[in-house]
Amino acid sequence: MDLLRNFAVLEGLDGSGTSTQLDLLKRRFLSPGADLPPLYVTAEPTGGELGRLIRRALKGEAALLGETLARLFAADRGEHLYGGGGIVERAARGELVICDRYVPSSLVYQGLECGEELPRSLNDPFPAPELILFFDLDPHIAAERIRNRKEREIYEYLEFQIKARRRYLSLLPVFRSEGSAVVQIDASRAVEEVAEQVWAALKNMPIMRG
Ligand code: TYD
């Protein structure tokens with residue numbers, strides 16, 4: 001697995017606050033006078049054809065086998081990385097690309113659903129991010145944060161999220177051994193404090209130092 005420079009990903013349980021932090025980050029990059037690289041914020045599943053099918057399955061509207069979902073996530077990721085205007089192209093031309101969820105989500109979520117081997121082999125060919133920010137949060141607190149959401153997706157129940165946190169924690173050393181910098185974010189803190197932790201980690205990327 002190659003390392004993709006200028007590429008950072010946010011990972012964590014459902015309800016760990018990654019989307020909120022990405023919104024804040026976008027604003028920070030827009031503030032006048034900030035001498036920062038161009039930022040491209042994106043997410044998986046994507047808004048493309050495959051991503052939309054995945055979203056329907058996550059809502060329980062399309063009944064698919066766990067294995068099929070694992071393959072769809074990987075196919076969506078392939079398009080996201082290598083399609084026109086995709087992650088690889090942008091990172092190569094000097095944009096800072098930040099993605100809400102990536103390979104680790106498949107290794108954790110699909111790993112729990114259909115065993116380690118399939119998501120591992122499907123995702124092995126994809127590049128490793130330069131930086132992985134793991135938003136760590138007690139699953140009970142994460143569940144409380146998403147309790148009032150209108151729609152509940154197939155993975156959003158406490159027992160699954162407890163297992164997901166365990167699996168994330170056990171995989172962090174593996175990601176490090178594959179060359180990614182891994183930073184644990186204490187996602188239980190106030191939004192501004194989490195933003196500072198995120199900023200401190202991003203600042204260390206060579207692209208941010210100009
Ligand atoms: P997310 O966008 O974080 O949730 P939402 O937009 O509903 O707040 O992710 C959607 C769900 O998809 C989440 O439960 C994690 C899951 N997922 C996987 O199972 N495997 C993957 O490879 C990815 C990228 C996401």
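General observations
- Candidates Val108, Val97 - the one that is more than 8 Å from the ligand (Cβ to nearest atom), of a type in the set (Val, Ile, Thr) and modelled with pLDDT of 95 or more: Val97
- Leu122 passes every criterion in (1) closer than 17 Å to Ser16 by Cβ; (2) within 13 Å of the ligand (Cβ to nearest atom); (3) in a helix (DSSP H, G or I) apart from (1).
- In region 62-69 there is no residue that is touching a helix residue (DSSP H, G or I) at 6+ places or on another chain (Cβ under 6 Å), surrounded by 18 or more Cβ atoms within 10 Å (Cβ to Cβ) and either assigned to a loop (DSSP other than H, G, I, E, B) or not hydrophobic (A, V, I, L, M, F, W, C) (or both).
- Within region 152-171, the set of residues being among the hydroxyl-bearing types (Ser, Thr, Tyr) and within 13 Å of the ligand (Cβ to nearest atom) comprises Tyr155, Tyr157, Tyr168.
- Hits in region 1-37 (condition: out of contact with any Asp or Glu (no Cβ under 7 Å at 6 or more places or on another chain), assigned to a loop (DSSP other than H, G, I, E, B) and within 26 Å of Arg147 (Cβ to Cβ)): Leu13, Gly15, Ser16, Gly17
- When Ile154, Ile162 are checked against the criterion of being in contact with a helix residue (DSSP H, G or I) (Cβ under 7 Å, 6 or more places away or on another chain) and without any contact (Cβ under 8 Å) to a residue 40 or more places away in the chain, a single residue qualifies: Ile162.
- Any hit, region 60-68, residues being within 13 Å of the ligand (Cβ to nearest atom), farther than 19 Å from Val9 by Cβ and without any contact (Cβ under 8 Å) to a residue 40 or more places away in the chain: yes
- Checking each residue in region 10-24 for being crowded, with 18+ Cβ neighbours inside 10 Å and either at pLDDT below 95 or in contact with a helix residue (DSSP H, G or I) (Cβ under 7 Å, 6 or more places away or on another chain) (or both) picks out Leu10, Glu11, Gly12, Leu13, Asp14, Gly15, Ser16, Gly17, Gln21.
- Gly33 vs. criteria loosely packed, with under 15 Cβ neighbours inside 10 Å, away from the ligand (no atom under 12 Å from the Cβ), modelled with pLDDT under 95 and not basic (Lys, Arg): yes
- Of Ala57, Ala75, all but one fail to be assigned to a helix (DSSP H, G or I), within 12 Å of the ligand (Cβ to nearest atom) and surrounded by fewer than 18 Cβ atoms within 10 Å (Cβ to Cβ); the exception is Ala75.
- Qualifying residue in region 144-151 (condition: over 29 Å from Arg209 (Cβ atoms), in a helix (DSSP H, G or I), within 9 Å of the ligand (Cβ to nearest atom) and charged (D, E, K, R)): no
- Between Arg55, Arg93, the distinction of being of a type in the set (Lys, Arg) and within 19 Å of the chain's Cα centre (by Cα) belongs to Arg55 only.
The values are calculated or read from the model by the stated rules, or taken from the named source; none is laboratory data. Because the structure is a prediction, the values reported are computed rather than measured. Positions of Cβ are generated from backbone atoms using ideal geometry, with glycine treated the same way; all protein chains shown enter the neighbour counts.
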